[in-house]
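Working notes, structure below.
The values are calculated or read from the model by the stated rules, or taken from the named source; none is laboratory data. If you're wondering where the values come from, they're calculated on a predicted model, not measured in any experiment. All Cβ positions, glycine included, derive from the backbone under ideal geometry; neighbour counts span all protein chains shown. Just so you know, the surface numbers come from the protein's heavy atoms only, side chains and all, with ligands and any DNA or RNA stripped out. Shrake-Rupley method; radii C 1.70, N 1.55, O 1.52, S 1.80 Å.
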Amino acid sequence: MNRLVSILAASAVSLAALPASAQTEITWWDFLGGGDGVRMRAMIDQFNAEHPDINISPTTSEWGVPFYTRVRTSAAVGQGPDIMTYHLSRLPLALQEGVLTEITDADLEAAGLDIGDFFDAAVDAASDADGTLYAVPFDIHSIVLYYNKNFLEGSDFLDDNGILTGINSLEDFERAVAYTIEQGSRAPISYQTGGPGGIWRVFYTLFGQQGGELIVDGQVLPGDNAAKAQRAIEVMANWGEQGWQPEQAEYPASVALFTSGQSAFHLNGVWEVPTLNDLANGGSLGFDWGAVQVPQMMDQLATWADSHAFAIPIQSDQQMDPERREAVMTVIGWMQRNAIAWADAGHIPAYRPVAESDEYQAMEPNATYASLADTAFFDPRSEIAGVASPVYDAAVNVIGPAMHGFLSPEDAVSQMQMELQRLIR
C-alpha cells in the first residue's frame with residue numbers, strides 16, 4: 001500500500017511538472033544587427049511571453065551574401081529554419097534558386113492577415129510575375145533626405161513647422177545647397193560615395209525619378225533608359241565637381257559628416273533615424289534636424305526602396321507539418337500587428353493598419369516621410385539585382401569612378417550595360 005501511495009505521489013509530481021500543452025519550437029533566422037537586432041529580439045521576447053504554446057528560437061547571421069548563401073545551402077539539405085527574414089529585392093534570385101515556399105491564402109488566414117492591408121509596392125515585390133506570394137512584407141525601408149535646420153534658417157526652404165519645403169526640382173535642391181554653403185555648410189551633401197550601397201541608392205532614385213527601367217525583357221538599359229542612367233550619373237558627378245559631396249566617403253564617415261554638423265543634407269536610409277534621435281535626446285547633436293521623402297528632383301517622385309519580409313524556406317523534399325506552419329503564420333501575424341515597435345527603428349510598416357494608426361502618425365519624422373511608401377521604387381525583378389548583388393558591384397566599380405571624374409557618364413553607362421548583360425541568363 002505504501003509503495004502504491006509513493007508511486008501515485010511521484011506520478012502526480014511528474015504530471016505537475018509537464019506543460020499544460022505541447023510547445024511548438026520555431027527556428028528563426030535573421031540578419032538583423034545593431035538597433036534593428038535589438039528591437040527584433042525584444043519583439044521575439046514579447047511574443048514568447050505572450051504565447052506559452054509557441055517558442056521562437058532565434059539565430060542571427062551576417063548580413064548580405066553570407067546569410068543568403070547559408071539559406072541556399074540549408075534549403076538543399078533540409079536543415080533550414082522554420083521562418084526567416086528576407087530582403088524582397090532578393091526574391092527573384094530566391095525564385096530562380098527555388099528556396100522559398102508559396103504563402104497561400106490559407107496561410108494568410110491563419111495569420112489573421114489580408115493581403116489588401118499591405119502597400120501595393122511591397123506586395124508586388126513579394127510576388128512572382130504571376131502574382132503568387134512568396135513572402136509577407138514587414139516594412140518598407142528607403143533612403144530619405146535628412147537636413148540640418150540650422151543651415152536653412154531664414155530661407156524659404158523651411159515652413160512654419162520646420163519642415164523642408166520648396167524643393168520641386170533639381171534646380172530647387174541645388175539652390176538650397178548653395179544657400180547652406182553661404183551659411184557655413186562645408187560638405188553640403190553627404191552620402192556613402194565610397195561604397196556600393198550609398199552610390200546605388202542615390203543613382204537608382206535619380207534614375208527612377210525619370211521613369212527609368214534598368215532591365216526590360218532581359219535587356220539592360222534598352223532604348224532611352226541608357227540616357228536616363230547617364231543623366232543620373234551626370235547629376236552625381238556634378239555634385240562631385242562642385243565639391244558638394246565627399247570623395248570616397250565610407251558609410252560611417254558619411255554619417256559622421258552630417259551628425260558633426262558639417263553637412264546640411266544627408267541621403268541615407270530610414271534606419272539612421274534612431275541614431276539621430278539618440279544623439280538629439282542625449283544632447284550631443286548640436287542642431288535641429290528633420291527627414292523627408294527625397295524630393296522630386298527630376299520628372300516624378302520615386303525613391304529607392306526595399307523591404308524586410310518574412311519567408312518560409314523549403315526543407316529539401318520535406319513538407320512542413322501543418323500545425324507547425326500554422327504556428328509560423330501565428331508568429332508572422334503577431335509581428336505585423338505589433339509592427340509599431342519595429343517602426344521605432346525608422347522603418348515604415350508595410351501593414352497599413354499600423355502605418356495608418358494614430359500611434360504611427362504621431363511618430364516623427366517617420367510620419368513626415370511615410371508618403372514615400374506610395375512611390376517606393378524597388379530594384380528590378382531580376383536575379384542580378386537586390387542586396388549584395390551585381391548591380392551593387394556595378395555601382396562601386398562603374399558609377400563610382402564616373403562620380404569622381406575618372407570615367408565619363410556615357411562610358412560608365414556603356415560599361416554597366418556590358419557587365420550586367422553578360423550576367424543575365
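Evaluate the following for Glu410: is it outside any helix (DSSP H, G or I), open to solvent by 20 Å² or more (accessible area, probe 1.4 Å) and not basic (Lys, Arg)? Considered against the rule, which asks whether it is outside any helix (DSSP H, G or I), open to solvent by 20 Å² or more (accessible area, probe 1.4 Å) and not basic (Lys, Arg), Glu410 comes out as no.
The residue that is most open to solvent (accessible area, probe 1.4 Å), among those in the range 138-164 that are under 30 Å from Ala122 (Cβ atoms) and among the hydrophobic types (A, V, I, L, M, F, W, C), is Ile163. Here Gln336 qualifies as within 23 Å of Leu32 (Cα to Cα), in contact with a Pro (Cβ under 9 Å, 6 or more places away or on another chain) and among the polar types (S, T, N, Q). Of everything in the range 330-349 that is in contact (Cβ under 8 Å) with a residue 24 or more places away in the chain and open to solvent by 10 Å² or more (accessible area, probe 1.4 Å), the residue that is farthest from Ala373 (Cα to Cα) is Thr330.
Here is a yes/no grid of residues against (1) at pLDDT 95 or above; (2) more than 20 Å from the chain's Cα centre (by Cα); (3) open to solvent by less than 10 Å² (accessible area, probe 1.4 Å):
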{"site": "Ala42", "(1), (2), (3)": "yes, no, no"}
{"site": "Asn55", "(1), (2), (3)": "yes, yes, no"}
{"site": "Glu62", "(1), (2), (3)": "no, no, no"}
{"site": "Ile103", "(1), (2), (3)": "yes, yes, yes"}
{"site": "Glu109", "(1), (2), (3)": "yes, yes, no"}
{"site": "Gly112", "(1), (2), (3)": "yes, yes, no"}
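When we screen Ile199, Ile167, Ile189 for residues that are within 30 Å of Ala237 (Cβ to Cβ), open to solvent by less than 40 Å² (accessible area, probe 1.4 Å) and touching a strand residue (DSSP E or B) at 6+ places or on another chain (Cβ under 6 Å), the only hit is Ile189. Would you pick out the residues in the range 298-317 that are open to solvent by 10 Å² or more (accessible area, probe 1.4 Å) and in a loop (DSSP other than H, G, I, E, B)? The answer is Met298, Asp299, Gln300, Leu301, Ile314, Ser316, Asp317. Remark: pairs (first residue in the range 188-204, within 21 Å of Leu221 (Cα to Cα); second residue open to solvent by 10 Å² or more (accessible area, probe 1.4 Å) and of a type in the set (Ser, Thr, Tyr); Cβ separation under 9 Å; 6+ apart in sequence or on different chains) = Pro196/Tyr392; Gly197/Tyr251; Gly197/Tyr392; Gly198/Tyr251; Ile199/Tyr392; Trp200/Tyr392.
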